Each structure stands twice: as structure tokens, then as C-alpha cells.
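K.L.:
Pasting a structure here, questions to come.
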Amino acid sequence: MFKPLGMLLGLYVAYALYVGEVVTKKGYRRKVVRRDDTPGEFWVVIVIYSGLAAFMLLYR
């Protein structure tokens, strides 16, 4: 069950890297983090999403 979700999240991370923006949650709202505006926050979100995708792919 987790493998398809991990694959989709991995594809989203690749898309976010290509486009340069990623959507996150901040409280009850969504927040768009752009690589050009806040590069540190962008890369933190990318690392977290990548780790979550890897965990879902490697989980039995």
C-alpha cells in the first residue's frame, strides 16, 4: 500500500525540483515555497519529502 504512495511522492519531489516550488501546509492553509524566494526552506521541505518517499518505498 505504501509503495504507490512513495512513488507518487517521489514524482512530486522530482516535479518540485524541476519547477522550483513546492506546496506545504502551514496551519490550516497551504503554503507555496519557492526556491528563489526562500532556498533554505525549500531544501528542507525537499529533504523531508524525499525521506518520507524513501521510507514508504523501503517499508515492507
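The values are calculated or read from the model by the stated rules, or taken from the named source; none is laboratory data. Note that the structure is a prediction, hence the values are computed from the model and not measured. Counting neighbours? That spans all protein chains shown, and the Cβs are built from the backbone with ideal geometry, glycine included.
K.L.:
Scan region 1-34 for residues that are within 12 Å of the chain's Cα centre (by Cα), closer than 12 Å to Ala54 by Cα and aromatic (Phe, Trp, Tyr) and report the count.
P.N.:
Of the residues in region 1-34, 0 are within 12 Å of the chain's Cα centre (by Cα), closer than 12 Å to Ala54 by Cα and aromatic (Phe, Trp, Tyr).
K.L.:
Might you check whether a residue that is among the basic types (Lys, Arg), at pLDDT 95 or above and not in a strand (DSSP E or B) occurs anywhere in region 24-45?
P.N.:
Scanning region 24-45 turns up at least one residue that is among the basic types (Lys, Arg), at pLDDT 95 or above and not in a strand (DSSP E or B).
K.L.:
Here is a follow-up. Would you mention how many residues in region 3-59 are surrounded by 13 or more Cβ atoms within 10 Å (Cβ to Cβ) and touching a residue at least 12 places away in the same chain (Cβ under 8 Å)?
P.N.:
The qualifying residues number 26.
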